[in-house]
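The next block holds one structure in the form of structure tokens; read it before the comments.
The values are calculated or read from the model by the stated rules, or taken from the named source; none is laboratory data. Just so you know, these numbers come straight off a predicted model, no measurement behind them. Every residue, glycine as well, gets a Cβ built from its backbone with ideal geometry; the counts of neighbours run over all protein chains shown. All accessible areas refer to the heavy atoms of the entire protein, side chains included, with ligands and DNA or RNA removed. Shrake-Rupley method; radii C 1.70, N 1.55, O 1.52, S 1.80 Å.
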Amino acid sequence: MRNGAPRPRTRIDERTAPTPGMDSLLKWLFRKPPATPPPARDPAPVRTTIQMHWIPGTRLPIPDWQAIAAAEAPACDDAQRHAYWAAAAGGWLDALGEALPQAYAQRGSKHFLLLSAQREREAGLLLRSCEQALRAIRGGLGPLASDSGFGPFVVLLFSSQDDYYDYLSHYHDDGGEHAMSSGVFIDNGYGHFASWHDALDELEAVVVHELTHALLSHLPLPPWLNEGIAVNTERTLLPRLADPRMALYGPAEMAARHAAWWNAETIQAFWSGEAFHSAGEGVELAYDLARLTTALAARDEAAFQAFVLQAHWQDAGEGAAEALGYPLAHLVAAVLGNGDWTPRVAGET
């Protein structure tokens, strides 16, 4: 869902810079659909005005989505609901754009609403890339993807890292050190994604990665699986990311780094998701391990789809591993070798 009451848990996905290595094993699963012409530019819709509600005491305007949802008319059809939530998104971006230091403007396409300080042509190219990515990811993920909900997909493109991290700080509640990132999907209230890059080739990767998360947000996926699918989708739709010549480390070097980092204790941060939000070397290795293990699991398409549809973050997906035919520790062992790789579910010691 792109709108409505917040989920029981808040997930903030931080997409780090990609670490290309071996070729993706998901090309057969995430099939790239036939090329289609760029979407025609949609005329600007007539905006409905609604009463906005805001969370008090924030540096930037953050809507109170529960209050906005409660104010929605109880008896309305899908077209009216879409108009209501599109108006809510527009009112949100109006206020956010006015509060930011640069000259931000919002622009839209058929499925997306973008807030950025870009020139008209650059914003148009980004929106076209978003529409193309949406079609490609829907086709690749098949029954795993869902974009149910009302209102457009919202993309926030900040013109500086300072603005970007200041905005993200409203969704971090621990005040600790976090991994540097180029984009995030924020699954809180009205799910949306944000970035600070301005080069289109870098933004394409962010869009594919975060839009994959948006289309999977209806599933309570464990972070490692969520990230593994997103990274492999990136590399399939944007093959340049899988080019070994772009990698900072060769396969042997990456294998050595993994071997030095992971053990019976650090692997628990991978299963719990903590490794994807910490600063330092571990976050890069967590993303790479997620890519490799997910690719291995996806070799059997039917089993993998059944696993993804059943997997839950509370036990790292271990309970759903029966669909794969083997425990999750076997996936890690296939990459790292023998070891104590079994996830410890809540309450276990």
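With the crude spin-label approximation of a point 7 Å out along Cα→Cβ, what separation in nm comes out for Asp300 versus Asn263?
3.4
Using 0.36 nm per residue of separation minus the Cα-Cα distance, give me the extension gain between Asp166 and His330 in nm, one decimal. All intermediate terms of the calculation are to be shown ahead of the outcome.
Numbers: separation 164, 0.36 × 164 = 59.04 nm, distance 4.04 nm.
55.0 nm is the gain from fully extending Asp166 to His330.
How many angstrom separate the Cα center of the range 308-349 from the Cα center of the range 123-169?
Cα centroid to Cα centroid, the span is 30 Å.
State the extension gain, in nm to one decimal, for the chain segment bounded by Ala79 and Asp147, taking 0.36 nm per residue of separation less the distance between their alpha-carbons. Walk me through the intermediate numbers first.
Details: separation 68, 0.36 × 68 = 24.48 nm, distance 1.57 nm.
Extra length from Ala79 to Asp147 when fully extended: 22.9 nm.
Just grab the label-to-label distance for Leu200 and Ser278, each label 7 Å out from Cα along the Cβ direction, in nm (one decimal).
4.0
Loop only per DSSP, at most 15 neighbouring Cβ atoms within 10 Å: give me the trypsin sites (Lys or Arg not before Pro) in the range 90-189, ordered by residue number. Don't jump to the answer; show the numbers that get you there.
On the way: sites: Arg107, Lys110, Arg119, Arg121, Arg128, Arg135, Arg138; in loops: Lys110, Arg119.
Filter output for the range 90-189: Lys110, Arg119.
Kindly report, to the nearest 10 Å², the accessible surface of Asp300 as traced by a 1.4 Å probe over protein heavy atoms only.
80
Each residue of the range 126-131 in order: what ³J(HN,Hα) in whole Hz does its phi give by Karplus 6.51 cos²θ - 1.76 cosθ + 1.60, θ = phi - 60°, with x for Gly and Pro?
For the range 126-131, the Karplus-derived couplings read 5, 5, 4, 4, 4, 5 Hz, x marking Gly and Pro.
Once phi is turned into ³J(HN,Hα) by the Karplus curve 6.51 cos²θ - 1.76 cosθ + 1.60 with θ = phi - 60°, what whole-Hz value does each residue of the range 161-168 show in order, with x for glycine and proline?
After applying 6.51 cos²θ - 1.76 cosθ + 1.60, I find 5, 4, 4, 4, 6, 5, 5, 4 Hz.
What does the charge dipole of the range 199-346 about its Cα centre add up to, to the nearest 20 debye, if the Cβ of each Lys and Arg holds +1 and the Cβ of each Asp and Glu holds -1?
Numbers: 7 positive and 19 negative charges, 45 e Å.
Dipole about the Cα centre, nearest 20: 220 debye.
Suppose R0 equals 51 Å. What FRET efficiency, 1/(1 + (r/R0)^6) with r the Cβ-Cβ distance, do Ala95 and Ala256 give to the nearest 0.05? Intermediate values should be presented prior to the final figure.
On the way: r = 50 Å, r/R0 = 0.97.
With a Förster radius of 51 Å, E is 0.55.
With a Förster radius of 30 Å, plug the Cβ-Cβ distance of Arg128 and Thr58 into 1/(1 + (r/R0)^6) and report the FRET value to the nearest 0.05. Could the numbers behind the result be given before it?
Values: r = 33 Å, r/R0 = 1.09.
Computed FRET efficiency for Arg128 and Thr58 comes out at 0.40.
Please work out how much accessible surface His82 shows to a 1.4 Å probe, ignoring ligands, DNA and RNA, in Å² rounded to 10.
The accessible area comes out at roughly 80 Å².
Largest first and to the nearest Å, give the Cα extent of the range 178-303 along each principal axis.
Between the extreme Cα coordinates on each principal axis of the range 178-303 lie 39, 36, 33 Å.
Mind listing which GluC sites (Glu not before Pro) in the range 255-314 are in a DSSP loop and have 14 or fewer other Cβ atoms within 10 Å?
Details: sites: Glu265, Glu274, Glu281, Glu284, Glu301; in loops: Glu265.
Within the range 255-314, the qualifying GluC sites (Glu not before Pro) (loop, at most 14 other Cβ atoms within 10 Å) are Glu265.
Which percent of the accessible heavy-atom area of the range 194-279 goes to carbon and sulfur, probe 1.4 angstrom?
Values: 1980 of 3170 Å².
Whole-percent figure for carbon plus sulfur exposure: 62.
Name the residue farthest towards the positive end of the dipole of the range 166-255 from the options Ala252, Gly191, Leu216, assuming +1 on Cβ of Lys and Arg, -1 on Cβ of Asp and Glu, about the Cα centre.
Value: Ala252.
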